[in-house]
Structures are given as structure tokens and as C-alpha cells.
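Undergrad: Handing you this structure, nothing more for now.
No value in this document is a laboratory result; all are computed from the given coordinates. The structure presented is a predicted model; accordingly, all values stated were derived computationally and were not measured.
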Amino acid sequence: MANASQAELDQLIHGQMAPGFLGLLLGRLVDRLVEEGSGPADAAGIRAPVRSFSMIILLARSDQSVTELARRLGVTHAAVIKTARALDALGFLARGEDPGDARRKPLGLTSAGRAEAARIERYMADAGEVLAGLFDEAGVDLFAAAQAFDAALDREGFASRMRALRPTGSG
């Protein structure tokens, strides 16, 4: 068994192989933002889970189906359904009927959900200011960079880029 030093192990993930561990870093950043943002959200009287804010903001603008929400949020139907269950349990979600399509069951907000959305919008305005300050401090607009990164992956996905790096049978 190999016995790498602590410094060598740290260097692997944070040094020479760091770009390959981008997902680890981004996941950790998201987890920190959710964890550290939960206290201020609680203080603002927000009961909804932090990870549900984007869905609530969309529903505050328009009733939408699970499929529409999944597409707009870039998540799976299962993720939308899980979040919808949590919001329903809090009394924030209303299920509607589409007179033009009996199969479509749009989700909307109850009056309590609309009040929650208003609190979330105020919170998100403040969060935007804090994040803008962090972007200035870091010297990069991380949101813009992430959007550009996402667009680059839309042009050619990660798997395709990996195959181009080492075509099958070359190694």
C-alpha cells in the first residue's frame, strides 16, 4: 500500500488535479451557501427550504406544470416533485386544473405561498448584494462564469470532450 504524505494528498485535490475536482469544489460551495444562508432566511421569517427558493419565485409569477418547472430549473421531474411535496406540506402549494388540457395539472402558490414568495424575493435581493460583493472580492463574477461554462457544455458536452481527448482504443 502506498503511503502518501498529508501534503501530497492535499496537493492532489487542491493542486495538480484541481480542475478535475471542480464538481467537488462547486458542490461544497453550494452546500456552504445553503447552510450559511439558512440562518438569515430563518431570521427573515422564511420557512421554505433554501433549495426551493427558485421554484417558489417561478410559481409566484405563473402557475406551471412539473414538466415546465423541471425544464426551467434544469432539474429532473423527480426533483420538482420532491420539492413540491415539501412545499405542499408547508401549505404553500396549490394544484390546479388546465381547462384546455385535462392531463396538465399546474402547480401554483396558496396565499401563504405568495406571502412566502414575497419574503424570499426580499431575501434574494439581499443575497444578490452579498454575492456581488463576494464576486468583487474574488475578482470574478462567478455567476457569469458559470453561465459561460454551461453554454460551453451545451456546445459540446463533457463526455464528448473526454472522448476527443482519448479516442477509443488509444489508451
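Undergrad: Enter the angle in degrees (range 0 to 90, nearest 10) between the Cα long axis of helix 22-43 and the first principal axis of the Cα atoms of the chain, meaning the one along which they spread out most.
TA: With both axes taken from Cα atoms, the answer is about 40 degrees.
Undergrad: May I ask for the distance between the Cα centers of the range 99-171 and the range 1-49, given as a whole number of Å?
TA: Taking the Cα centre of each part, the range 99-171 and the range 1-49 sit 18 Å apart.
Undergrad: Ok, one more. List the equivalent ellipsoid semi-axes of the range 1-55 in whole Å, largest first, each obtained as the square root of 5λ for an eigenvalue λ of the Cα gyration tensor.
TA: Result for the range 1-55: semi-axes of 36, 12, 8 Å.
Undergrad: Just to check, using Stokes-Einstein with a Kirkwood Rh over alpha carbon pairs, what's the diffusion coefficient of the chain at 10 °C and 1.306 mPa s in µm²/s?
TA: 82 µm²/s
Undergrad: Whole-Hz ³J(HN,Hα) for each residue in the range 51-68, computed from phi via Karplus 6.51 cos²θ - 1.76 cosθ + 1.60 with θ = phi - 60°, x for glycine and proline: what do you get?
TA: Coupling constants for the range 51-68: 5, 9, 4, 5, 5, 4, 4, 5, 5, 5, 8, 6, 5, 8, 7, 4, 4, 5 Hz.
Undergrad: For the range 78-171, how big is the tail of P(r) above 20 Å, as a whole percent of Cα pairs?
TA: Details: 2928 of 4371 pairs.
When all Cα pairs of the range 78-171 are counted, 67 percent exceed 20 Å.
Undergrad: What full-extension length gain, to one decimal in nm, is calculated for residue 90 and residue 3 as 0.36 nm per residue of separation minus the Cα-Cα distance?
TA: Length gained, residue 90 through residue 3: 26.2 nm.
Undergrad: Pull up all non-local amide H partners of residue 110: gap of 5 or more, or a different chain, and H-to-H distance under 5 Å with H placed in the peptide plane.
TA: Placed amide hydrogens put 93, 94 under 5 Å from residue 110.
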